[in-house]
Amino acid sequence: MGPMTRIDKKSRRGGTAVEVRGLVKHYGETKALDGVDLDVREGTVLGVLGPNGAGKTTLVRILSTLVIPDAGHAVVAGFDVVRQPRQLRRTIGLTGQYASVDEKLSGWENLYMIGRLLDLPRKSARARADELLERFSLTEAARRPAMDYSGGMRRRLDLAASMIGSPSVLYLDEPTTGLDPRTRNEVWDEVRRMVAEGATVLLTTQYMEEAEQLADELTVIDKGKIIARGGVDELKAKVGGRTLHIRPSDPGQLAAMAQAIREAGLDGTAGAQAVPDEGLLYVPILSDEQLTAVIGLLGTRGFSLAHVATALPSLDEVFLAITGEKSSHTTDTTPEEVAA
Ligand SMILES: Nc1ncnc2c1ncn2[C@@H]1O[C@H](COP(=O)(O)OP(=O)(O)OP(=O)(O)O)[C@@H](O)[C@H]1O
Ligand SMILES: [Mg+2]
């Protein structure tokens, strides 16, 4: 990989790395995929969220040429998944939901073997194995058989294995399920680094925090169908209203402000609420117009404001609202500041 490659990748940024149209895959009565369309822009991370059995792994398998779709088509890095599987496999990396390392081989041997399978010359395969073991903090364990590795070490070895061929498109199918927070963070750092170097990533996850940390765009899939898509904040805004947090310069005016907003009928369904203990006024809002009107009204009435912020619902709440199911893992999100 010389500097040429990097320039090449940069210049292609902005294109579509993964294009999926009308993808259908049935297993008997089960519609694992029921007409899926999606695009992943070059150099970005698409997060695919969905409850168990939604069709995430089926999608990844089709995009990796491991499963043939019943209908529809998909193009990855310019190669058709059905018609050009050999070329396609050379440009992708896959970290499966279930670890795919050979238990009996050492970490180093696993990576070396994959390098050779990818037609790397011996010397390059050796260098690549050393480099990736170092990168994933596995150098000390390099000679031990993978069966002696902890779950986190296996995951890291698996991720390293998917990167041997310097893939331009990487699929990560629930890459951190079952990992402790520290190891999860290491994996996230590695994914970020690869994206910074130009890789495109399709990431399936059930961790809302993982989606928030890594994904540029989200697609929510349920029962084989795409049921929502957009940026993290876009989805949050779509699902529910936001809450406006207002801190007046004079806490003594909280009640009067709440009353003014209520009387003007500017707030959303739940009603403006003064919380004197926090010195804050909470106003549910459903649109930018409502937000502007509330702030405008307070200004006209002569109230002086010290701080204004809006909070979106958490991604967990979004997931629950659109799929009707709780995500398996909950996270807390902090309010997002929009103005001070
Ligand atoms: N090889 C198969 N044979 C029969 N049914 C299958 C097969 N693979 C997947 N399915 C079914 O297709 C549906 C989608 O499965 P898939 O594994 O793609 O879901 P998923 O979103 O990856 O779920 P999870 O979050 O549990 O990993 C499920 O109902 C599953 O039982
Ligand atoms: Mg799966």
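The values are calculated or read from the model by the stated rules, or taken from the named source; none is laboratory data. Note that the coordinates shown come from a computational prediction; the quantities given were computed from them, not determined experimentally. All Cβ positions, even for glycine, are placed from backbone atoms using ideal geometry, and neighbour counts span all protein chains on display.
Some values worked out for this structure:
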read-out: Whichever residue in segment 216-239 is at pLDDT 85 or above and surrounded by 22 or more Cβ atoms within 10 Å (Cβ to Cβ) and, among such residues, is farthest from Pro167 (Cα to Cα); value: Gly224
read-out: Subset of segment 44-85 [in contact with a Gly (Cβ under 6 Å, 6 or more places away or on another chain) and on the phi > 0 side of the Ramachandran plot]; value: Gly55, Gly72
read-out: Pick from segment 160-178, criterion within 16 Å of ligand 2 (Cβ to nearest atom), not polar (S, T, N, Q) and not in a strand (DSSP E or B), ranking: surrounded by the fewest Cβ atoms within 10 Å (Cβ to Cβ); value: Gly178
read-out: The listed residue being within 16 Å of ligand 1 (Cβ to nearest atom), more than 12 Å from the chain's Cα centre (by Cα) and not polar (S, T, N, Q), out of Asp158, Asp173; value: Asp158
read-out: Segments classed as strands (runs of 3 or more DSSP E), wholly inside segment 17-90, with at least 1 members that are without any contact (Cβ under 8 Å) to a residue 24 or more places away in the chain and away from ligand 2 (no atom under 16 Å from the Cβ); value: 30-41
read-out: Which numbered condition Val191 fails, given (1) in a helix (DSSP H, G or I); (2) without any contact (Cβ under 8 Å) to a residue 60 or more places away in the chain; value: (2)
read-out: Single residue of segment 50-82 satisfying the filter (of a type in the set (S, T, N, Q) and within 13 Å of ligand 1 (Cβ to nearest atom)) that is surrounded by the fewest Cβ atoms within 10 Å (Cβ to Cβ); value: Asn52
read-out: Candidate set: segment 116-135, residues that are of a type in the set (Gly, Ala, Ser) and over 28 Å from the mean Cα position of the chain (by Cα); chosen: the one nearest to Ala161 (Cα to Cα); value: Ala125
read-out: Unique residue being at pLDDT below 90, under 30 Å from Thr205 (Cα atoms) and charged (D, E, K, R) when the list is Arg242, Arg262; value: Arg242
read-out: Extreme residue, nearest to ligand 2 (Cβ to nearest atom), among residues of segment 195-212 that are surrounded by fewer than 20 Cβ atoms within 10 Å (Cβ to Cβ) and in a helix (DSSP H, G or I); value: Glu212
read-out: Residue satisfying all of: in segment 248-292; exposed (fewer than 13 other Cβ atoms within 10 Å of the Cβ) and of a type in the set (S, T, N, Q); farthest from Leu305 (Cα to Cα) among these; value: Thr269
read-out: Selection count, segment 295-316, where residues are closer than 20 Å to Ile221 by Cβ and either surrounded by fewer than 17 Cβ atoms within 10 Å (Cβ to Cβ) or of a type in the set (Phe, Trp, Tyr) (or both); value: 0
read-out: Residues of segment 135-152 satisfying the condition of being assigned to a helix (DSSP H, G or I) and more than 22 Å from Ile92 (Cα to Cα); value: Thr139, Glu140, Ala141, Ala146, Met147, Asp148, Gly151, Gly152
read-out: Subset of segment 91-114 (residues that are in contact (Cβ under 8 Å) with a residue 24 or more places away in the chain and more than 12 Å from Ser162 (Cβ to Cβ)); value: Thr91, Gln97, Asp102, Glu103, Lys104, Leu105, Ser106, Gly107, Trp108
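So that you can scan it fast, the table gives a plain yes or no per residue for (1) on the phi > 0 side of the Ramachandran plot; (2) assigned by TED's automatic domain parsing to the domain that holds Thr16; (3) touching a strand residue (DSSP E or B) at 6+ places or on another chain (Cβ under 6 Å); (4) not charged (D, E, K, R):
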| position | (1), (2), (3), (4) |
| --- | --- |
| Glu131 | no, yes, no, no |
| Met147 | no, yes, no, yes |
| Arg154 | no, yes, no, no |
| Ile164 | no, yes, no, yes |
| Tyr171 | no, yes, yes, yes |
| Thr177 | no, yes, no, yes |
| Glu186 | no, yes, no, no |
| Val201 | no, yes, yes, yes |
| Leu214 | no, yes, yes, yes |
